[in-house]
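Report on the structure given below.
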Amino acid sequence: MFELFTLFENESVLTINQFHHDWLDTFFYYLCKSWVWIPLYIYVIWQLMTTYGVKKGIIAIAFLSTTVGVQDYLCNKIVKPTVERARPFRNEEIHHKLHFAKELGITETKMHETRSDFGFYSAHAGNFAALTFFLLLALPRHRTLNTVFILSSVLIGFARIYLCLHYPTDVLTGFIIGSILAYTFHKTFQFVIR
């Protein structure tokens with residue numbers, strides 16, 4: 001059963017990775033960079049402040065930031081070092097079949113020199129899911145903003161697999177954990193602002 005699961009994971013990465021193009025490499029690489037999202041984050045802050053007022057808006061921003069911070073800490077400091085699951089680009093069975101975006105700088109010789117050795121679960125997917133789900137609950141009437149975040153979350157998850165940095169279950173687990181944390185923190189936020 002485990003062999004079948006591993007085969008599925010490997011084949012999923014290979015299938016998604018086979019659609020590589022230089023422009024997609026660049027697009028997905030930069031899509032995963034935090035600074036790209038700064039204008040949207042500023043807009044979210046503005047929306048929270050105008051929707052809830054200054055005092056409650058600041059509290060909303062604090063809860064949103066805490067949600068993403070807790071998710072990131074849980075993933076990078078607790079789960080990844082505990083599980084120690086290698087990233088797909090380190091998988092000896094499929095490494096030679098993968099295409100790597102030149103922006104990542106992953107070559108045969110640099111394969112073992114990246115800063116993070118482990119991939120389970122995806123912090124990018126978890127952080128974006130936490131952000132997205134919190135906003136869905138906190139700003140339910142902002143359909144366009146919520147749609148942008150839902151689509152962005154899906155694109156981020158896809159990008160992490162496309163770039164050979166995560167398996168599909170890494171991304172799916174990130175989505176689930178990020179959403180659970182967002183729900184929990186949003187419920188606490190609602191209790192606090194009553």
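The values are calculated or read from the model by the stated rules, or taken from the named source; none is laboratory data. Small disclaimer: the values here were computed from a predicted structure and weren't measured. In this analysis, Cβ positions are derived from the backbone assuming ideal geometry, glycine residues included, and neighbour counts consider all displayed protein chains.
The table below gives the values:
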{"item": "Sole exception among (1) assigned to a helix (DSSP H, G or I); (2) buried (at least 23 other Cβ atoms within 10 Å of the Cβ) for TYR121, by number", "result": "(1)"}
{"item": "Residue, nearest to GLY57 (Cα to Cα), within the range 134-167, restricted to residues that are among the polar types (S, T, N, Q) and surrounded by fewer than 22 Cβ atoms within 10 Å (Cβ to Cβ)", "result": "ASN146"}
{"item": "Only listed residue being farther than 19 Å from VAL36 by Cα and either within 11 Å of the chain's Cα centre (by Cα) or among the aromatic types (Phe, Trp, Tyr) (or both), chosen from GLY178, GLY126, GLY157", "result": "GLY178"}
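Condition check ((1) part of a helix (DSSP H, G or I); (2) out of contact with any helix residue (DSSP H, G or I) (no Cβ under 7 Å at 6 or more places or on another chain); (3) farther than 22 Å from VAL13 by Cα; (4) modelled with pLDDT of 95 or more) across all residues:
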position: TYR43; (1), (2), (3), (4): yes, yes, yes, yes
position: ALA62; (1), (2), (3), (4): yes, yes, yes, yes
position: THR66; (1), (2), (3), (4): yes, no, yes, yes
position: ASP72; (1), (2), (3), (4): yes, no, yes, yes
position: HIS99; (1), (2), (3), (4): no, no, no, no
position: LYS110; (1), (2), (3), (4): no, yes, no, no
position: GLU113; (1), (2), (3), (4): no, yes, no, no
position: PHE128; (1), (2), (3), (4): yes, no, no, yes
